[in-house]
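Laboratory data are not the source of any read-out in this text; all were calculated from the coordinates shown. What you see is a predicted model; the values in this text were computed from it and never measured. Neighbour counts are summed over all protein chains in view; Cβ atoms, including those assigned to glycine, are modelled from backbone coordinates with ideal geometry.
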Amino acid sequence: MDISSLIGVIIGCICLGLVAFHTSHGHFMMFYSLEGVLTVFGGSISVCFMAMPLDKVKNVFGFLRRFMFNKTRSPVELIKVMSELADKSRRDGVLALEAECKKAESVDPFLASGIRMLIDGTDGGAIEGTMRLEISAMQERHKAGKKFFDLIKLYGPGWGLVGTLIGQIGMFGNLEGGSIGALGKSLAIAVCATMYGTVVANAIAGPIGDKLGTRSTEEIMNREMILQALLSMQCGDNPRITIDKMMAFLPLAARAKVKAAA
């Protein structure tokens with residue numbers, strides 16, 4: 001579970017719920033408009049289908065899981081794993097890493113793939129080229145997830161404006177001989193649509209897209225660290241040099257944390 005995502009969702013829901021309760025005195029249905037829901041949510045989803053291939057849209061639940069459940073290992077944990085592998089490779093030879101492949105698979109399939117290439121005696125250039133292709137492909141997959149929510153963030157408020165204009169047209173059309181109730185309903189549609197579009201963009205899609213972008217950056221950095229460590233091991237570097245190469249990706253405060261954990 002991603003604790004920061006959970007905390008953010010809880011704080012947002014509590015604050016929004018308290019404001020809505022204080023304003024409506026418990027009559028939450030005054031914030032509901034079927035027309036606004038259809039316009040904003042239906043319209044935003046339609047944009048995603050129009051702008052993205054179907055196979056990407058079908059992965060939306062996977063994107064949401066990635067938002068709520070973070071499986072990316074911390075750099076400290078990753079450096080610890082690579083330090084053990086580097087020590088074993090230096091002490092017993094690269095072939096000794098074959099027994100570690102299953103453990104590496106549980107850490108990161110990317111790491112396991114690199115270890116297999118090391119065991120097979122693959123050239124360093126070929127290892128780097130293959131693994132950089134994997135990093136690039138992963139980055140493109142992550143972009144698709146972020147784009148889904150970026151589209152909703154971009155077009156959700158626009159569809160809210162469409163709902164607002166529809167409500168205003170209905171209100172103006174009922175001015176002559178219209179009842180106060182009919183005018184009020186049209187105005188409620190207009191205001192609710194604007195509210196839905198704003199909430200969808202700023203409280204849902206925007207934060208999720210930004211978190212997915214952050215997670216993608218973290219995973220790319222982790223894989224770059226793994227790649228540099230594997231290349232160092234392939235060259236037969238001292239394990240300390242291997243770890244130093246991985247530490248170069250971390251800020252000074254994080255380096256101190258790694259040294260303290262060593």
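When the criteria are applied in full, Asn222 fails the requirement of being in a helix (DSSP H, G or I), loosely packed, with under 15 Cβ neighbours inside 10 Å, touching a helix residue (DSSP H, G or I) at 6+ places or on another chain (Cβ under 9 Å) and not aliphatic (A, V, I, L, M).
Residues that are among the charged types (D, E, K, R) and surrounded by fewer than 17 Cβ atoms within 10 Å (Cβ to Cβ) were ranked within region 225-244; the one that is nearest to the chain's Cα centre (by Cα) is Asp244. Look at (1) among the charged types (D, E, K, R); (2) surrounded by 13 or more Cβ atoms within 10 Å (Cβ to Cβ); (3) free of Cβ contacts under 8 Å to residues at least 60 places away in the same chain and you find that Arg73 fails only one, number (3).
Considering region 39-84, the qualifying helices (runs of 4 or more DSSP H), each wholly inside and each with 1 or more residues that are charged (D, E, K, R), run over 54-57, 60-68. Only residues that are of a type in the set (S, T, N, Q) and either buried (at least 19 other Cβ atoms within 10 Å of the Cβ) or in contact (Cβ under 8 Å) with a residue 12 or more places away in the chain (or both): list them for region 27-48, please. Residues satisfying the conditions are Ser33, Thr39, Ser44.
Taking (1) under 25 Å from Leu6 (Cα atoms); (2) without any contact (Cβ under 8 Å) to a residue 40 or more places away in the chain in turn, Lys88 satisfies each apart from (1). Against the conditions (1) touching a residue at least 40 places away in the same chain (Cβ under 8 Å); (2) of a type outside the set (Lys, Arg); (3) more than 25 Å from Lys146 (Cα to Cα); (4) touching a Lys or Arg at 6+ places or on another chain (Cβ under 6 Å), where does Ala96 fall short? Just the number, please. Of (1) touching a residue at least 40 places away in the same chain (Cβ under 8 Å); (2) of a type outside the set (Lys, Arg); (3) more than 25 Å from Lys146 (Cα to Cα); (4) touching a Lys or Arg at 6+ places or on another chain (Cβ under 6 Å), only one is false for Ala96: (1).
Yes/no per residue for (1) basic (Lys, Arg); (2) buried (at least 20 other Cβ atoms within 10 Å of the Cβ):
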| position | (1), (2) |
| --- | --- |
| Ile135 | no, no |
| Gln139 | no, no |
| Lys143 | yes, no |
| Phe149 | no, yes |
| Gly158 | no, no |
| Val162 | no, no |
| Gly167 | no, yes |
| Gly170 | no, no |
| Ala182 | no, no |
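Write out, first by first residue and then by second, each pair whose Cβ atoms fall under 7 Å of each other, whose residues are 6+ apart or on separate chains, and whose first residue, in region 200-222, is at negative phi while the second is hydroxyl-bearing (Ser, Thr, Tyr) and in a helix (DSSP H, G or I). From residues that are at negative phi, the pairs are Val200/Ser44; Lys211/Ser5. On the stretch given as region 118-133, residues that are surrounded by 13 or more Cβ atoms within 10 Å (Cβ to Cβ) and small (Gly, Ala, Ser) total 1. Residues in region 245-262 that are without any contact (Cβ under 8 Å) to a residue 12 or more places away in the chain and either closer than 17 Å to His142 by Cβ or surrounded by 14 or more Cβ atoms within 10 Å (Cβ to Cβ) (or both): Arg255 alone. Taking the listed residues Gly145, Gly156, Gly114, Gly129, the one that is touching a Ser or Thr at 6+ places or on another chain (Cβ under 7 Å) and in a helix (DSSP H, G or I) is Gly156, with no other qualifying.
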